[in-house]
Amino acid sequence: MNIRPFQTGDEAAQLKIYNTAAAGLTKFKPATIGEIERRTQARDFDPDTRFYAEDQGNVIGYCTWQMNGRVGYPWCLPGSGAVAEALFARTLQAMKERGIRKAFSAYRKDWPGINDFFQQHGFVLAREMINFLLEFENMPTPSARLGNTVTKARIEDIPGIFDLDPRVFRVPNAAALQEAIWNNPWFGPESLFVMRNREGTPIAAGVFIRQSQYADPRAVDASMPCFRLGAFGTEGMTTKRIKGLFSFVTGPDRDIISTGMDLLCHATNQLGEEDDIDCYAAQVASDATALLRFYQRTFERQGSFPVFEKDLTK
């Protein structure tokens, strides 16, 4: 058996392996050759982030990883499962060699065999990513008038936004947060707004994705392991673009319910007749407990998926 990085032409073998190995899983959706080729032909594609196991020149398994630390399950053809251990070990070794300090997996909750594999290899449940929905007609009435100024965000606000609660974000510092949200190719700085105190310092920040061409959250399987574009806590992830996505962050000393409602009302006031949006979507990590309380109280829970992590430095 030989384990090697991606080579041009591996796409067809990968397609066959995944569609065969995963076919019996709950709500399985077959991959297409176009989906795989879009990734492998992207300008920033790195062949060393995919490993393939060969037996007598035939590809019988593969495993992928991303620079954000996300690692895939080692999919193998039926009867070739014995190569999964070596394939996965080589993948984790490559991540360590590239300086990745923490690996994580994200699959459907109702794929227990897949999640068990990661737990058996030292991954532990770190959080759930929980998706929510709020129809406009079900939006609660704010309990009080807005007592603080909410304005468009400025680039110099980013350090202050990061300092509100660094535990919420999946980036290590304000510079990385700026890259993730200010220079995001799928939504612009106009989607970001800030609540300020009298001195103009950020005391909360919100995001509202108004691009009407993005997916309707009611038509998306909320249990799919898809991080949602714009949600705080998904920085650096490959994301699903959802219209009407609302997210916010504030300091732990703030009244989370009233602050969230003020920012939600501000988002509503930004809508124009040209915006084809009639509900809010949200995604929050279960370990962001204060933020989770707001969504549990205000939104309707849809679905969730688990995130398992492993420290690669040990």
Original post:
Do we have residue 36 as part of a helix (DSSP H, G or I) and among the hydrophobic types (A, V, I, L, M, F, W, C) here?
Top reply: yes
Subject >> Wholly enclosed strands (runs of 3 or more DSSP E) of segment 218-314 bearing at least 2 residues closer than 19 Å to residue 134 by Cα, open to solvent by 20 Å² or more (accessible area, probe 1.4 Å) and of a type outside the set (Ser, Thr, Tyr) >> reply: 300-311
**OP:** Output the residues belonging to segment 116-134 that are open to solvent by less than 10 Å² (accessible area, probe 1.4 Å) and under 17 Å from residue 303 (Cα atoms).
**Re:** 129, 130, 131, 132, 134
**OP:** Output the strands (runs of 3 or more DSSP E) that fall wholly within segment 109-210 and possess 1 or more residues being at pLDDT 95 or above and of a type in the set (Asp, Glu), or say none.
**Re:** 124-135
Original post:
Any chance segment 288-305 includes a residue that's on the phi > 0 side of the Ramachandran plot and within 16 Å of the chain's Cα centre (by Cα)?
Top reply: no
Subject >> Condition broken by residue 191, with the remaining ones in (1) open to solvent by 20 Å² or more (accessible area, probe 1.4 Å); (2) out of contact with any helix residue (DSSP H, G or I) (no Cβ under 6 Å at 6 or more places or on another chain); (3) within 24 Å of residue 278 (Cα to Cα) satisfied >> reply: (1)
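Being touching a helix residue (DSSP H, G or I) at 6+ places or on another chain (Cβ under 6 Å) and hydrophobic (A, V, I, L, M, F, W, C) is the filter; apply it to segment 72-82 and report the residue that is most open to solvent (accessible area, probe 1.4 Å).
For segment 72-82, the residue satisfying everything is 77.
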Subject >> Given (1) open to solvent by 20 Å² or more (accessible area, probe 1.4 Å); (2) of a type outside the set (A, V, I, L, M, F, W, C); (3) assigned to a helix (DSSP H, G or I), number of the condition residue 91 does not satisfy >> reply: (1)
Original post:
Just to be sure, is residue 175 free of Cβ contacts under 8 Å to residues at least 24 places away in the same chain and either more than 30 Å from residue 301 (Cβ to Cβ) or not aromatic (Phe, Trp, Tyr) (or both)?
Top reply: yes
Subject >> Unmet requirement for residue 54, which otherwise passes all of (1) surrounded by fewer than 19 Cβ atoms within 10 Å (Cβ to Cβ); (2) touching an Asp or Glu at 6+ places or on another chain (Cβ under 7 Å) >> reply: (2)
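So which residues in segment 94-108 are outside any loop (DSSP other than H, G, I, E, B) and not small (Gly, Ala, Ser)?
95, 96, 97, 102, 104
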Original post:
If we keep just the residues of segment 39-49 that are in a helix (DSSP H, G or I) and of a type in the set (S, T, N, Q), which is farthest from the chain's Cα centre (by Cα)?
Top reply: 40
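The values are calculated or read from the model by the stated rules, or taken from the named source; none is laboratory data. These figures come from a predicted structure and were not determined experimentally. Reconstructed Cβ throughout: ideal geometry from the backbone, glycine too, with neighbour counts over all protein chains shown. We work out accessible area using only protein heavy atoms, side chains counted, and drop any ligands, DNA or RNA first. Shrake-Rupley method; radii C 1.70, N 1.55, O 1.52, S 1.80 Å.
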